[in-house]
Structures are given as structure tokens and as C-alpha cells.
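The values are calculated or read from the model by the stated rules, or taken from the named source; none is laboratory data. What you see is a predicted model; the values in this text were computed from it and never measured. Neighbour counts are summed over all protein chains in view; Cβ atoms, including those assigned to glycine, are modelled from backbone coordinates with ideal geometry.
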Amino acid sequence: MRPISGHDIKPLAQALTESLEDYFSTLNGTPPCELYDTILREIEVPLLSITLKHTGGNQSRAAEWLGLNRATLRKKLQQHNLDPNA
């Protein structure tokens, strides 16, 4: 993935690092459960929604931007009950 550049935009890795640090702080030493799957679920919905928003709901373009097959994108939209036209 190409890094995002700009003075006021945090790189995605930095934003995720800060979010994970906050998450672990709230656990107060309690071990997380299924952390990998939880993070992927939390990231996937806004990733799909925002990408569709920026492509004007064009699923073919959104799939291309995401590096997914269009059928895979449609499956993920159905899996998360996301309306591609919203």
C-alpha cells in the first residue's frame, strides 16, 4: 500500500498503533480474545463503506481500489449487511 502523504494526515500504521495502544490500556492487563479477527472486523466495515462513498457507489472501481475481485467485494458487502448505494 502506498503511504498517505500530507501535513495533517496521520499514516494509517500510526493511527492503528495509537488505537491499539489505547485498546490495550483499557484492558488493564486482561488478555484480549481473538484480537486478530476482532481488528479485521473493526477495520473492514469502515474500509468498505468509505471506499464505496469515495467511488460514488461504483463497486467495480471500489473493488479495484481495494485490490479485490468484484465478486469478493459483493460477498463482503452482504456479509456485513452494507448497502453499496448508501
>> Can you confirm whether Arg61 is surrounded by 14 or more Cβ atoms within 10 Å (Cβ to Cβ) and of a type in the set (D, E, K, R)?
In response: yes
> Ile9 is checked against (1) farther than 26 Å from Lys76 by Cα; (2) at pLDDT 95 or above and fails just one. What number does that condition carry?
Replying inline: (2)
> Which of the residues spanning segment 53-86 are in contact (Cβ under 8 Å) with a residue 24 or more places away in the chain and within 17 Å of Ile43 (Cβ to Cβ)?
Replying inline: Leu73, Lys76, Leu77, His80, Leu82
> For segment 33-67, which residues satisfy the criterion of being part of a loop (DSSP other than H, G, I, E, B) and either within 28 Å of Thr17 (Cβ to Cβ) or aliphatic (A, V, I, L, M) (or both)?
Replying inline: Cys33, Glu34, Thr55, Gly67
> In segment 68-80, which residue that is over 13 Å from the mean Cα position of the chain (by Cα) and in a loop (DSSP other than H, G, I, E, B) is nearest to Ser49 (Cα to Cα)?
Replying inline: Leu68
